[in-house]
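Participant: The structure that follows is given in the form of structure tokens.
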């Protein structure tokens, strides 16, 4: 098992990093947020999970061990492969994911490309027994996505923001990325969250 990787950032792809280590360039698939890990030529560090398939060895990278553990939990669920799990981590912040499970909020998961209503509902059911739903933050969000202490109310607010961004012409993936990038202290009203989301597109 390759648990972590430290090396020189050689290239950045649409959903992966190329990290040079000992003369080899390793392709590491990462959540969208980690694509901005650093400048080309700088040293970077990621926690990793190796997926062994008959035809390939796939390396996935994460910001911290919590994110990696969540990835491993997701791929333990039937019907959720590494690509869908990675899309979930790119779209939904860990605390927002836990709040969605706690509040039976399937729409949070249907924002993720590749997840329909049926799979979203099954995820809610199976994750209840796999995620720690205690000690959820009561005042602040996790890493983006604005999962503040309003619980289901904020989840619904994010859904409104998602629909609004799509109506403005952004793709579902772009809208999800903007929501996931909301700062931990994002305001709890739709107008301000929209302003922050649009600012994300201006800097992306």
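Participant: Using only helices, what value at 222 nm comes out for the chain when you add -39,500 (n - 2.57) per DSSP H run of length 4 or more and divide by the total residues, to the nearest 500 deg cm²/dmol? All intermediate terms of the calculation are to be shown ahead of the outcome.
Facilitator: On the way: 8 runs with 84 residues, N = 204.
Result for the chain: -12500 deg cm²/dmol, rounded to the nearest 500.
Participant: Tell me the Kirkwood radius of the stretch 4-63: reciprocal of the mean inverse pair distance over distinct alpha-carbon atoms, in Å. Walk me through the numbers on the way to the answer.
Facilitator: Details: mean 1/r = 0.0877 Å⁻¹.
Taking the inverse mean of 1/r over all distinct Cα pairs, the stretch 4-63 comes out at 11.4 Å.
Participant: Another question, if that's okay. So what are the three principal axis dimensions of the chain from its Cα atoms, in whole Å, longest to shortest?
Facilitator: Principal extents (largest minus smallest coordinate, Cα): 50, 39, 31 Å.
Participant: Can I ask one more? How high is the relative contact order of the chain? Use alpha-carbon pairs under 8 Å, at least six apart in sequence, and give a whole percent.
Facilitator: Values: 335 pairs, mean separation 29.1, N = 204.
So the answer I get is 14 percent.
Participant: Need one number: nm distance between label points at residue 21 and residue 55, each 7 Å from Cα along Cα→Cβ, rounded to one decimal.
Facilitator: Between residue 21 and residue 55, the simple spin-label model gives 2.6 nm.
Throughout, read-outs are computed from the coordinates displayed, never taken from laboratory work. Note that the structure is a prediction, hence the values are computed from the model and not measured. Glycine also receives a Cβ, built like all others from the backbone with ideal geometry; neighbour counts cover every protein chain displayed.
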